[in-house]
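The next block holds one structure in the form of structure tokens; read it before the comments.
The values are calculated or read from the model by the stated rules, or taken from the named source; none is laboratory data. It should be emphasised that the depicted structure is a prediction, and the values quoted were computed from it without experimental measurement. Methodologically, a virtual Cβ is constructed for each residue, glycine included, from the backbone with ideal geometry; neighbour enumeration extends over all protein chains shown. Side chains are part of the model used for accessible areas, which takes the heavy atoms of the whole protein and leaves out ligands, DNA and RNA. Shrake-Rupley method; radii C 1.70, N 1.55, O 1.52, S 1.80 Å.
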Amino acid sequence: MGRRREFDPEKALDAALCVFWRKGYEGASYADLTEATGVERPALYSAFGNKETLFRRALARYYERYMDFIPEALRLPTSRQVAEHILYCSADLQTRYPDRRGCLNINGALAGSDNSSSVRQTLIDVRAEGETQLRERFEQSKAEGDLPDTADPAVLAAFVMAVGHGMAVQAKAGFSHDMLKAVAEHALSVWPVGNDASTARSN
């Protein structure tokens, strides 16, 4: 009986992450995953369970390793700096790797069959959680006078998310980093000014 080939689960997970990032959940086949990881399907099942479990592990790794700019942004002193940091860092990440442009979350959610509805719902929930965090941060900014009384934190949070998601789709379609940054700058040009205009406009 042949000896079972050993492999590094962490390296396999990183390789699987790249496949999902490039092709989305639905588009990533087991052939793609086994080729990228160098691990045969039975061993992948043994280490990670099924494809959905592997994707969820990869998604968690993606947020841990690549989306750390979100908590960084939430700690910045003004609402505009929060939005700016998120959009600029998104542009950087979405164009950083020529072989996997865009956003893993958006790439994974744009298309899918009924069989992948639970994965799609997970991605929706992750985005909703991020939007909630932004809304709460902008509510704090409004209470501090950084945003005007007329500002709606929920709308501003949805606005930042919509711009970021649109940039991810554009990156997947081949838009350059410079173009995405220009889009972000244009979006930020309409950011509302609070009681302290100099602080709200600071970079």
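Among the residues of segment 28-42, are any within 27 Å of A184 (Cβ to Cβ), out of contact with any strand residue (DSSP E or B) (no Cβ under 6 Å at 6 or more places or on another chain) and modelled with pLDDT of 90 or more? No - not one qualifying residue is present in segment 28-42. Residues being more than 13 Å from the chain's Cα centre (by Cα), open to solvent by 20 Å² or more (accessible area, probe 1.4 Å) and aromatic (F, W, Y) are represented in segment 97-110 by at least one member.
Within segment 46-79, the set of residues being loosely packed, with under 14 Cβ neighbours inside 10 Å and either outside any helix (DSSP H, G or I) or at positive phi (or both) comprises G49, N50, D68, R75, P77. Residue under question is L17, and the condition is that it be open to solvent by less than 60 Å² (accessible area, probe 1.4 Å) and over 19 Å from R101 (Cβ atoms); does it hold? Considered against the rule, which asks whether it is open to solvent by less than 60 Å² (accessible area, probe 1.4 Å) and over 19 Å from R101 (Cβ atoms), L17 comes out as no.
For beta carbons closer than 8 Å, sequence separation of 6+ or different chains, a first residue in segment 132-160 that is farther than 19 Å from E185 by Cα and free of Cβ contacts under 8 Å to residues at least 40 places away in the same chain and a second that is surrounded by fewer than 19 Cβ atoms within 10 Å (Cβ to Cβ) and acidic (D, E), the qualifying pairs are P153/E136; P153/E139. Do you know which residues across segment 120-171 are in a helix (DSSP H, G or I), open to solvent by 60 Å² or more (accessible area, probe 1.4 Å), among the polar types (S, T, N, Q) and over 25 Å from D92 (Cα atoms)? The answer is Q121, Q140.
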